[in-house]
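The values are calculated or read from the model by the stated rules, or taken from the named source; none is laboratory data. Please read these numbers as outputs of a predicted model, since none were measured by experiment. Note that each Cβ is placed from the backbone with ideal geometry, even for glycine, and that neighbours are counted across all protein chains shown. Side chains included, ligands, DNA and RNA excluded: accessible areas come from the protein's heavy atoms. Shrake-Rupley method; radii C 1.70, N 1.55, O 1.52, S 1.80 Å.
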Amino acid sequence: MLLSLLDLAALLFFFFCWIGYSLFARKRARTTHCLSSILCSLRIDWFTTVMHKENQVADASLIGNVERTVTFFASSTILVLAGVLTVLAHADEVVLVLNEIPMSPASSSSLVQFKLSVLALIFIYAFFKFTWSIRQFGFVSVLLGASVEYHQGNKPEEERRRFAMHAAKVLDQSGHEYNKGLRTYYFALAYLSWFLHPVILIASSAVVVAVLYRREYRSRVLRELLATKGYVPGKK
C-alpha cells in the first residue's frame, strides 16, 4: 500500500481543513462581519463614488496596482511549479535526504513522487485562481472606462446606482479569486510538513485554519475597517 493509514488520515484531514474552511468562510460571511463582507461594502462605496467623478485616473491606478500584485503571484506560482516538477524528476535523491532527517518515517521513491504530484496539483489550482482573478480585474478596468459615460451622459441616478452595484460585485469576485489563491499558498506551506511526518501535517493544517480564522474574523485590521462604517466584529 502506497500510503499508510496515518498518511491517509493526515491527507484527508488536510483537505478537510482546506475545503471545510473555504465553505465555512463563504457561508459565515453572509451573517457575520469579516474581511470579505466589509471589503464588499467598501467596494460598493468606491464605485458609487466613481459614478460621480469626472476623472478616474486615480481609480484606474489603484486597480492596476492590485492587478500587478496578483500577476506577481501568478508568475511566482509558475516558478514554484517548475521547481516542484524538477524535484519530482529527482525523487530518489529526495528520499535519501528525507531518510536522513531524525524522527522522519522511512520514505520510498513512489511515496515521494505521490506527495510531489499532489503538491504540483495544489499549485496548478493556485495558478488558475490567480489568472482568473487577473482576467476579472481586466473586466473591472473595462467597467471603469465605461463609467465615464454615466457621468458625462447625465444618466439617471437609478442607472448609476445599478451600474455601480454590479461593477463593485465584479471587483469583489476578483478579490475573492485572489483570496482563494493566497489561501492555497497558506495550505501549500502546511502540506510541505507532510514530507517530515504526517502528524506534523495534521498540526500544520489546524494551525493554518486558526491563523486564517483569526485574520478574517478577529484581526485588528478588521476592527479598524469595520469602524469606518460604525460596525463591530460579530453578527451583522
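Numbers for the structure displayed
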read-out: Answer residue from segment 154-195, given it is crowded, with 17+ Cβ neighbours inside 10 Å and over 19 Å from the mean Cα position of the chain (by Cα) and is farthest from Ser76 (Cα to Cα) among those; value: Arg160
read-out: Condition met for Arg220 (closer than 25 Å to Ile38 by Cβ, touching a residue at least 60 places away in the same chain (Cβ under 8 Å) and open to solvent by 40 Å² or more (accessible area, probe 1.4 Å)); value: no
read-out: Output for segment 184-236, where each listed residue is acidic (Asp, Glu) and over 17 Å from Ile19 (Cβ atoms); value: Glu224
read-out: Residue among Ser141, Ser109 that is more than 30 Å from Leu8 (Cα to Cα), among the small types (Gly, Ala, Ser) and open to solvent by 20 Å² or more (accessible area, probe 1.4 Å); value: Ser141
read-out: Inter-residue pairs, beta-carbon under 7 Å, first at positive phi and in segment 64-91, second modelled with pLDDT under 95, 6+ apart; value: none
read-out: Boolean, Val97 is among the β-branched types (Val, Ile, Thr), loosely packed, with under 15 Cβ neighbours inside 10 Å and without any contact (Cβ under 8 Å) to a residue 40 or more places away in the chain; value: yes
read-out: Check on Asp45, of a type in the set (Asp, Glu), closer than 30 Å to Gly234 by Cβ and under 25 Å from the mean Cα position of the chain (by Cα); value: yes
read-out: Residues being of a type in the set (Gly, Ala, Ser), over 30 Å from Leu8 (Cβ atoms) and modelled with pLDDT of 95 or more - total across segment 112-138; value: 1
read-out: Number of the condition not met by Val232 [criteria: (1) surrounded by 14 or more Cβ atoms within 10 Å (Cβ to Cβ); (2) in a loop (DSSP other than H, G, I, E, B); (3) touching a residue at least 24 places away in the same chain (Cβ under 8 Å)]; value: (1)
read-out: The listed residue being of a type in the set (Ser, Thr, Tyr), over 30 Å from Gln113 (Cα atoms) and without any contact (Cβ under 8 Å) to a residue 40 or more places away in the chain, out of Ser36, Ser61; value: Ser61
read-out: Subset of segment 42-83 (residues that are closer than 18 Å to Phe163 by Cβ and open to solvent by less than 30 Å² (accessible area, probe 1.4 Å)); value: Phe47, Val50, Met51, Gln56, Asp59, Ile63
read-out: Flag if Tyr186 is aromatic (Phe, Trp, Tyr) and touching a Cys at 6+ places or on another chain (Cβ under 8 Å); value: no
